1. With label points built 7 Å along Cα→Cβ from the Cα atoms of D209 and W129, find their separation and express it in nm.
2. For region 101-155, what percent of Cα pairs sit more than 12 Å apart?
3. Using only the alpha-carbon atoms of region 50-101 as identical scatterers, what base-10 log of I(q)/I(0) does the Debye formula give at q = 0.13, 0.22, 0.23, 0.27 Å⁻¹?
4. For L122 and R53 in one chain, what is 0.36 nm times their gap in residues minus the Cα-Cα distance, to one decimal in nm?
5. Nearest 5 is fine: what % of DSSP beta bridges in the chain come out antiparallel, could you say?
6. If I take all pairs of Cα atoms in region 163-212, what percentage of them are more than 15 Å from each other?
7. Principal axes first, then extents: for the Cα atoms of region 102-212, list largest minus smallest coordinate on each axis, whole Å, largest first.
8. Compute the distance in nm between two label points, each set 7 Å from the Cα along the Cα-to-Cβ direction, one at R61 and one at L114.
Amino acid sequence: MSTIAVIDYGMGNLHSVASALEHVCDSKIVITSDVAEIEAADRVVFPGVGAIRDCMAEIRRLGMDRVVQKAIAEKPVLAICVGMQALMAHSEENGGVDCINLLPGNVRFFGEGLTDATGEKLKVPHMGWNQVKQIDHPLWQGIEDNSRFYFVHSFYVKSDEPSLVRATCEYGLSFDVALAKENLFAVQFHPEKSHTAGLQLLKNFANWDGKA
């Protein structure tokens, strides 16, 4: 039986992710901060919720920045929400925080005066369901383009490398909600909270061999 390790650095909705994975695949799901367990797993999930300063402090304290970098070089990795943001170069949150810098680009604040195309004011954080415009990747298999996924965030990712972008979203502006590079697929939304489309994405990840 294959194993999927959900990285525990104290800052993620771990049990929700683990339960969703258990629902869609036959893999053994382990929630762990043990480096040996993560390195032994066939696939790795790197989740995250909360403020980036606190997340990065725990990631570095536990050495998870190096663990994640090694995992991405060797096996399929799925980063979720702040897990995705932590992989970027820098975040504007908390007065500015340097991140792991595995993906080129930055994390930016939506701003106070965010409006839609009609001029109506939009709330920040961006919370709830929104359509996701796909760019071809194996993890979109069986998911209709413009399917709706669930978001909770006040900061968004903008990649410096357009070729890595695998999905975008509109919320007062266009921003990147999925990035892919070799074994890594990173998403801003929460697939574990996104019903049918989210479960299909997790199922696709459980079957993905990476490098696509």
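1. Rounded to a tenth, the inter-label distance reads 3.6 nm.
2. Taking all Cα-Cα pairs of region 101-155, the fraction more than 12 Å apart is 75 percent.
3. -0.28, -0.78, -0.85, -1.11
4. On the way: separation 69, 0.36 × 69 = 24.84 nm, distance 2.54 nm.
Result: 22.3 nm gained on full extension.
5. Working: 26 of 43 bridges.
If we restrict to bridges inside the chain, about 60 percent are antiparallel.
6. Details: 636 of 1225 pairs.
The calculated P(r) of region 163-212 puts 52 percent of pairs beyond 15 Å.
7. 43, 30, 19
8. Result for the modelled spin labels: 2.9 nm.
Values quoted throughout were computed directly from the atomic coordinates according to the rules given, and no laboratory measurement underlies them. Computed from a predicted model, the values in this text were never measured in an experiment. Glycine gets a Cβ as well: all are built from the backbone with ideal geometry, and neighbour counts include every protein chain shown.
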